[in-house]
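Notes follow the structure.
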Amino acid sequence: MENNYPITDLKGVGAELSKKLVFLNIRTISDLILNYPKRYEDYSFVQPINKISPGLVTIKAVIKQSSGRYVSRGLHITEAVASDDSGSVRLIWFNQPYRSNSFINQEEYYISGDFQLRRQRLSIQNPSIEPVSSFPINTARIIPKYKETKGLRSHHIRKLIGQTIPLIRKTQETLPDWLVSSLKLLDRNRAIEMMHFPSDASKLIEAKRRLGFEEIFELALAALLNKKELIGEHALNIAFDEKLAKQFVSHLPFKLTDAQRKTVWQIYMDMAKDYPMNRLVEGDVGSGKTVVATMAAVMAIKQDFQVVLMAPTELLARQHAQSVEKLLSPLGLAGSLTLLVGSLTSKQKDLAYKNIKNGKVKFIVGTQAVFQEKVDMKNLGLIIIDEQHRFGVEQRKRLQAKAGHMPHVLHLTATPIPRSLALTLYGELDVSIIDTKPAGRKEIITKICSPNSKKQLYQTIDKQLELGYQMFVVCPLISDSDLLNANSAEKIFEELSTGPFKHRRVGLLHGKMKSYDKEKIMKQFVDHKLDILVATTVVEVGVDVPNATIMLIENAERFGLAQIHQLRGRVGRNDVQGYCYLMMGDSAQPSRRIRAIERSNNGFDLAELDLEIRGPGAIYGTTQHGQLDLRVARLTDIKLITSARNAARIFIEQGDSLLQYKELNRRVTALRSVTNLN
């Protein structure tokens, strides 16, 4: 029997049990072995009966006087008495009728459970029991608790894993010997066994350190190998032209911040090299990333290179095109710009293809449409990717085939990236941070609101609307749902437009609308033909309405911190005070994270907190989190991440070959396709 054999090879696993295991993504013996516990309960301290006190306890005793009976509503109660030399204690089980006949007279058992007061009597509730042995599985040790499903509890999973211990002990090492010894890591087989059946708390800590290190080491190694490979590629260098940079800045209606200037300089230095730039620019909504990207683009355009700016939605692509055109106009370059999106007519697309191919168009703004086979680039030098977390190796290769060389790549994101993710998931990127907002920009005032305060809140908001300002209202759902108790955009639109704001112009926007209708509604809001826009998170990215000063988020408890922070960034885009109101659900109490966003406007601090509380899925979506597959490591453990990343760097620098390590090579190869936004 081997680790990758089907789970049905284990004793006691038939068709019915295997179906339940599949529900937990356990199909093979290897899946079972790598299904680590989600938490632990410590029953390792065995006490005499006369010393136990309420809480989790373990005793070693014989069991006497067992009996069972049915009480009201079909509830079955089994009672017994456990005794040792120091005294006796009552045991009670609910709906486990088999218990009363399962004890052997005078047999000594380990008994672990919750000792508590019930109906004026102290007893151990629903205890686990097993005969005293040198290797108990369900009692008298630190007990692993696994993810469960109906009819499949942790004690079932522990019993199955108990069968695999001989296999676990034969598990091959995956890390280099020099690394295991230099960092004093547990051997892999020992670490896996200690995860499931820790002999004590210190060994459990060592096991988590070893397996967590391995996960981050693999991820870091994948990212650094990608970076090494990219540096080996050839790119056409785009020389820095100081006169052009100064000319561009002189036409800006504002002064660049220090952070913007530093970031632009880093980009210019990258583009001047003959290997591809791969830089990520992080900055809150409104921090000036588009200006920085356009400064980079101008440098390329003036040297006869083409530039692509790709956005995740057509709405954002159109807005980028408008913003960039304004920035290019003073330099006489607006005519070199074209928009390429799916909703263009065939005639418009054909004209764009022609002008891109002959080089008349130097700056292409669009969505994924820019990467279609019909688009024939003449001299592609720079790609700018805005909020596109899925652009990676394969897309680059397609563009390389078009361009004949690897283009420079600049990523832009308004999602603050915690330091730990910058070192792991984004490890092959060079990172620039624009952490200052333009001069005159006020902090958004954020307030938590209860549904009972809606009437007063609407009165306050109406006074702002009376002054000529506008409001976003964001809802978690498009339509009402029987499954989720949350306000939908359609419901709130109806309530506001026929109730407290019937004298205002109210619009509705959500993702299921046709592109044309979305564009029409958004344009009406931008042109101030609407006072209120009720929407879903479709407005999270890219919509720029400087006249909007109010953001009302319904059922705020259903959004992640990073998401609320981005939504909040949609308002306060000029020198007028912006407000963000977090409306809680009927029964929701403000959580730690909701209170944190009320106190702080620092997106990076909030992203760290979101990662700590809710994990990467809250920031980057569950799909990407799932691809990371971190079973043990915590992305908040900077010390472990730094150690693993340093080890990965040493591995590469000293020329170790992955081919020597079969399992490590398999895992790192797979991870190379999911690091760096891939």
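Check K523, K518, K529 and return the single one that is at pLDDT 85 or above and of a type outside the set (F, W, Y). Being at pLDDT 85 or above and of a type outside the set (F, W, Y) holds for just one of K523, K518, K529, which is K529. Applying the criterion of being in a helix (DSSP H, G or I) and modelled with pLDDT under 85 to the residues of the stretch 579-606, the residue that is surrounded by the fewest Cβ atoms within 10 Å (Cβ to Cβ) is R592.
One line per residue, one yes/no per condition, for (1) outside any helix (DSSP H, G or I); (2) at pLDDT 95 or above; (3) in contact with a Pro (Cβ under 7 Å, 6 or more places away or on another chain):
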residue: Q266; (1), (2), (3): no, yes, no
residue: D270; (1), (2), (3): no, yes, no
residue: D274; (1), (2), (3): yes, no, no
residue: E282; (1), (2), (3): yes, no, yes
residue: M299; (1), (2), (3): no, yes, no
residue: P312; (1), (2), (3): yes, no, no
residue: A317; (1), (2), (3): no, no, no
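Does at least one position in the stretch 629-647 carry a residue that is modelled with pLDDT of 90 or more, loosely packed, with under 15 Cβ neighbours inside 10 Å and of a type in the set (A, V, I, L, M, F, W, C)? No, because not a single residue in the stretch 629-647 is modelled with pLDDT of 90 or more, loosely packed, with under 15 Cβ neighbours inside 10 Å and of a type in the set (A, V, I, L, M, F, W, C). Among the residues of the stretch 240-264, those that are surrounded by 12 or more Cβ atoms within 10 Å (Cβ to Cβ) and part of a helix (DSSP H, G or I) comprise L244, A245, Q247, F248, V249, A259, Q260, R261, K262, T263, V264. Count of the stretch 43-58 residues, restricted to those that are touching a residue at least 24 places away in the same chain (Cβ under 8 Å) and under 43 Å from the mean Cα position of the chain (by Cα), is 9.
Listed here are the residues, each with its yes/no results for (1) under 30 Å from P416 (Cβ atoms); (2) within 28 Å of the chain's Cα centre (by Cα).
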| residue | (1), (2) |
| --- | --- |
| S481 | no, yes |
| L484 | yes, yes |
| H528 | no, no |
| N555 | yes, yes |
| L561 | yes, yes |
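Highlighted here are the helices (runs of 4 or more DSSP H) found entirely within the stretch 320-435 that include at least 1 residues which are modelled with pLDDT of 80 or more, surrounded by fewer than 16 Cβ atoms within 10 Å (Cβ to Cβ) and touching an Asp or Glu at 6+ places or on another chain (Cβ under 9 Å): 346-357. For the stretch 94-111, check the following and say yes or no: at least one residue is over 46 Å from the mean Cα position of the chain (by Cα), in a strand (DSSP E or B) and either without any contact (Cβ under 8 Å) to a residue 60 or more places away in the chain or under 15 Å from G55 (Cβ atoms) (or both). Yes, some residue in the stretch 94-111 is over 46 Å from the mean Cα position of the chain (by Cα), in a strand (DSSP E or B) and either without any contact (Cβ under 8 Å) to a residue 60 or more places away in the chain or under 15 Å from G55 (Cβ atoms) (or both). Pairing each residue of the stretch 14-38 that is touching a residue at least 24 places away in the same chain (Cβ under 8 Å) with any residue that is of a type in the set (D, E), provided the two are 6+ apart or on different chains, yields C-beta distances under 7 Å for I29/D9. Working only within the stretch 465-488, note down all residues that are surrounded by 14 or more Cβ atoms within 10 Å (Cβ to Cβ) and under 19 Å from K529 (Cβ atoms). Hits for the stretch 465-488 are L465, Y469, Q470, M471, F472, V473. For the stretch 219-237, a residue qualifies if it is touching a residue at least 60 places away in the same chain (Cβ under 8 Å) and surrounded by fewer than 22 Cβ atoms within 10 Å (Cβ to Cβ), and the qualifying residues are L224, L225, K227, K228, L230, E233, H234, L236. Among the residues making up the stretch 549-569, those that are in a loop (DSSP other than H, G, I, E, B) and open to solvent by less than 10 Å² (accessible area, probe 1.4 Å) are N555, F559, G560.
The values are calculated or read from the model by the stated rules, or taken from the named source; none is laboratory data. Keep in mind the model is a prediction, meaning the values are calculated, not measured. Neighbour counts are summed over all protein chains in view; Cβ atoms, including those assigned to glycine, are modelled from backbone coordinates with ideal geometry. Areas reflect the complete protein model, heavy atoms only, side chains present, ligands, DNA and RNA absent. Shrake-Rupley method; radii C 1.70, N 1.55, O 1.52, S 1.80 Å.
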